[in-house]
Amino acid sequence: MSANTSTIVNALKYEIVKYSRLETLKKFYTSHPESGKFEESCFTRNRRLPLQDLLPLLLYPRAKSTDIELLEFSHLIGKPNVNKSDFSKRRRLIPADYLKALHRDIVSDIYAGSNISMWHGHLLLAADGTTYSLPNTPSIKKIFLEGRKTGRGEQALARGVVVKDVYNDVVLASNMECYGRDEIALLIEELKQLPDTVGTMSPVLILDRKFCAYTLLAALIQWDLGFIIRVKEKFNAKVDAFIASGKTEQELTLIPASTTIKKIRRLYGRDVPCSFPVRVVRLSENVVVMTSVRKVSLLDGDNDVYHLRWDDETTIGFLKNNLQIEIFSSSRLNTMRQDFQAKTILYNIISVLCRRAAELRHDEKPRKINRNIALGILKLNFILFTKTTPLQFKEFLEKVLSEMDRFTIPIRPGRHNPRVFRKTKHSGKYITLHNYREAI
């Protein structure tokens, strides 16, 4: 994703402008009757916050007081300030799934371009689960803690998964659901909704051992999705024998127990194969993976492809620490999901802009754009994605990129800090101690 990055930026603006039009929202309501009835009069009358301003405001990087953010946005677009009450009433007319549809179209546009980075002809994806701290109100706790089977804390939590393209730094899918939901089921839901353009690129999904399950294997094979999954102990007798043997690689056919076969057929139908041919590879003393990828080495010197999944975990950290995805502007369910989807979209916008800014630099030593500062620069210039003419857009884009490429940090391969494990979830927001201030 290099030469055509500016084309992708133009495509992002096109999608945001398209979804800011009344006819796009109307078509969404028509195709999604579960979202309710479309109230056309709410947007056709002359109001202070029309749809073409409301949607960019929902995407605007917000983490402070809503009143302050509304005031900043009004200064940015040069229009009278809208109070918090009016904003709250207007945004209720936008279903959270409308922003999810925008995210899906943005991802499709990114992969419609050329020069997508691949791994041996495969689009390399990673997925991981996480929890989110939510507003600790009785209504939110009732919705999201239903079915909770672990822990005794009173903090309202949600569970979700994030699916990311690790080579091209694009978040393909993410969700925020009831804490009692299973991460494997949440992942399957998101994989079903991946854009068609992703499926044509022979994707391979890297997963940790908590996703080592026959129900997921059956779904991946059924959808022709490649996988590299770390195996866990006692998952399969043949795999345990391979681990004990000390071999580096072996082809195996895994057959689950009869009760598991019944469950797979109940989920996916009786025609789904219930034997799974896999290649088992030992990457290190403690890491053994099973994969559908044949005739491709999973090791590259001291590096292995499985550990690229760590990039997905750092993405979750950026979403929580920098984009502050756990800070919501309301405790209403729909508006919380709006904020969540908006910040997922913002991640991809920042990723594309940082890639474009990096292309303008010619460093002798490897460096990358400081994303925290880039996020602050985007917030100051968010009018870039609102009502600008093509010429204005080009001028704004050049200005934003020139500002972003001034702030870089060195790339230090192999540098890492010891991982700290928490025994219990604290009762506040996700916090990582660092030596800088967040930009928003």
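With a cap of 14 neighbouring Cβ atoms within 10 Å, and only residues DSSP puts in a loop, list the GluC sites (Glu not before Pro) found in the range 101-196.
GLU146, GLU154
By counting other Cβ atoms within 10 Å of each Cβ, how are CYS354, CYS178 ranked from fewest to most?
CYS178, CYS354
Antiparallel versus total DSSP beta bridges in the chain: what percent is that, nearest 5?
Antiparallel bridges: around 80 percent, rounded to the nearest 5.
Measure nothing but the geometry: give the 0 to 90° angle between the long axis through the Cα atoms of 96-112 and the longest principal axis through the Cα atoms of the chain, rounded to 10°.
Computed tilt is about 70 degrees.
For a Förster distance of 56 Å, can you work out the FRET efficiency between the beta-carbons of GLU251 and GLU395, rounded to the nearest 0.05?
0.45
Can you tell me the orientation of helix 333-359 relative to the chain, as the angle in degrees between its alpha-carbon axis and the longest Cα principal axis, to the nearest 10?
With both axes taken from Cα atoms, the answer is about 80 degrees.
Summing -39500 (n - 2.57) over the DSSP H runs of n ≥ 4 in the chain and dividing by its residue number, what mean residue ellipticity at 222 nm do you reach, to the nearest 500 deg cm²/dmol?
Rounded to the nearest 500, it is -13000 deg cm²/dmol.
In whole Å, how far is the Cα centre of the range 46-75 from that of the range 323-375?
The range 46-75 and the range 323-375 have Cα centres separated by 18 Å.
Gain in length, GLN155 to SER108, computed as 0.36 nm per residue apart minus the alpha-carbon separation, to one decimal in nm?
Result for the pair: 13.3 nm of gain on full extension.
Using the per-residue mean of other Cβ atoms lying within 10 Å as a proxy for protection, in what order, highest first, do the peptides 338-345, 274-281 fall?
For the peptides 338-345, 274-281, the packing ranking is 338-345, 274-281.
Using only Cα atoms and rounding to the nearest 10 degrees, what angle (0 to 90) does helix 5-19 make with the longest principal axis of the chain?
Tilt relative to the chain: about 60 degrees.
Based on the Kirkwood radius over alpha-carbon pairs, what is the Stokes-Einstein translational diffusion coefficient of the chain at 20 °C with 1.002 mPa s viscosity, in µm²/s?
In µm²/s, the coefficient is 91.
For the range 99-312, state what percent of all Cα-Cα pairs lands in each successive 10 Å bin, counting from 0 Å until the bin that includes the largest distance.
7, 30, 34, 22, 6, 0
Could you tell me what a quarter of the Cα convex hull surface of the range 246-387 works out to, in nm² with one decimal place?
That works out to 15.7 nm², a quarter of the Cα hull's surface.
Be a star and scan the range 25-67 for residues whose amide nitrogen sits under 12 Å from the point 7 Å along the Cα-to-Cβ vector of LYS89.
42, 47-49
Counting other C-beta atoms within 10 Å, which of TYR14, TYR214 has the fewest, and how do the rest follow?
TYR14, TYR214
Out of every Cα pair in the range 40-137, what percent are spaced more than 17 Å from each other?
Summing the P(r) of the range 40-137 above 17 Å gives 67 percent of all pairs.
For HIS75 and SER6, calculate 0.36 nm times their separation in residues minus their Cα-Cα distance, and state this gained length in nm to one decimal.
The span from HIS75 to SER6 would gain 22.1 nm if fully extended.
Only the coordinates and a few stated rules stand behind these numbers; no lab work does. Given the structure is predicted, the values throughout are model-derived calculations rather than measurements. Note: ideal-geometry Cβ built from the backbone for every residue, glycine included; neighbour counts use all protein chains shown.
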